[in-house]
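What follows is a short report on a single structure.
The values are calculated or read from the model by the stated rules, or taken from the named source; none is laboratory data. Predicted model, so just to flag it, every value in this text is computed and none were measured. Glycine gets a Cβ as well: all are built from the backbone with ideal geometry, and neighbour counts include every protein chain shown.
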Amino acid sequence: MSHRAAGSHRREDGTASIELIGVVPFLLLAVLVAAQIGSAGYALWSAGIAARAGARAGLVGGNVEAVSRRALPSALRDGAKVSDGDSVSVRVAVPQLLPGMPRVMVGAKSALESGGG
């Protein structure tokens with residue numbers, strides 16, 4: 001009986017290696033998705049900061065678009081869209097971690113009103 005137990009143990013020796021090979025692509029995909037979501041959050045946060053900076057500039061008569069673009073990180077400035085009206089809106093492209101992924105834009109809007117008194 002001990003001979004039989006040793007034989008079944010040998011058949012299971014490579015199982016952990018095969019399972020690891022099967023799991024690694026899913027772990028890498030999960031890390032990539034988490035990093036892409038973090039990148040989108042970073043772009044959205046940056047757009048919000050730029051929109052608030054542009055709104056403050058508009059309140060004091062400054063150049064809304066120039067101030068908004070300067071408030072963005074340099075990696076997000078290319079392709080950023082700034083619009084000024086009742087509020088300042090800033091839209092930026094989310095940095096892509098893999099080439100060939102679709103372009104996704106996120107944006108934020110901010111408005112300030114001068115206080116009377």
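In segment 88-117, which residues are more than 18 Å from Leu44 (Cα to Cα) and surrounded by 14 or more Cβ atoms within 10 Å (Cβ to Cβ)?
Correct list: Leu112 only.
Which number in (1) surrounded by fewer than 17 Cβ atoms within 10 Å (Cβ to Cβ); (2) modelled with pLDDT of 95 or more marks the one condition that Gly85 misses?
Every condition holds for Gly85 apart from (2).
Which one of these is at pLDDT below 95, in a helix (DSSP H, G or I) and on the phi < 0 side of the Ramachandran plot: Gly54, Gly48, Gly58, Gly62?
Values: Gly54 fails: at pLDDT below 95; Gly48 fails: at pLDDT below 95; Gly62 fails: in a helix (DSSP H, G or I).
So the residue among Gly54, Gly48, Gly58, Gly62 that is at pLDDT below 95, in a helix (DSSP H, G or I) and on the phi < 0 side of the Ramachandran plot is Gly58.
Answer with yes or no whether Ala108 is hydrophobic (A, V, I, L, M, F, W, C), in contact with a Leu (Cβ under 7 Å, 6 or more places away or on another chain) and closer than 30 Å to Ala30 by Cβ.
Values: hydrophobic (A, V, I, L, M, F, W, C): yes; in contact with a Leu (Cβ under 7 Å, 6 or more places away or on another chain): yes; closer than 30 Å to Ala30 by Cβ: yes.
Yes: the conditions hold for Ala108.
Within segment 61-82, take every residue that is of a type in the set (Val, Ile, Thr) and within 23 Å of Ala40 (Cα to Cα) and give me the one that is surrounded by the fewest Cβ atoms within 10 Å (Cβ to Cβ).
Ranking the candidates gives Val67 first.
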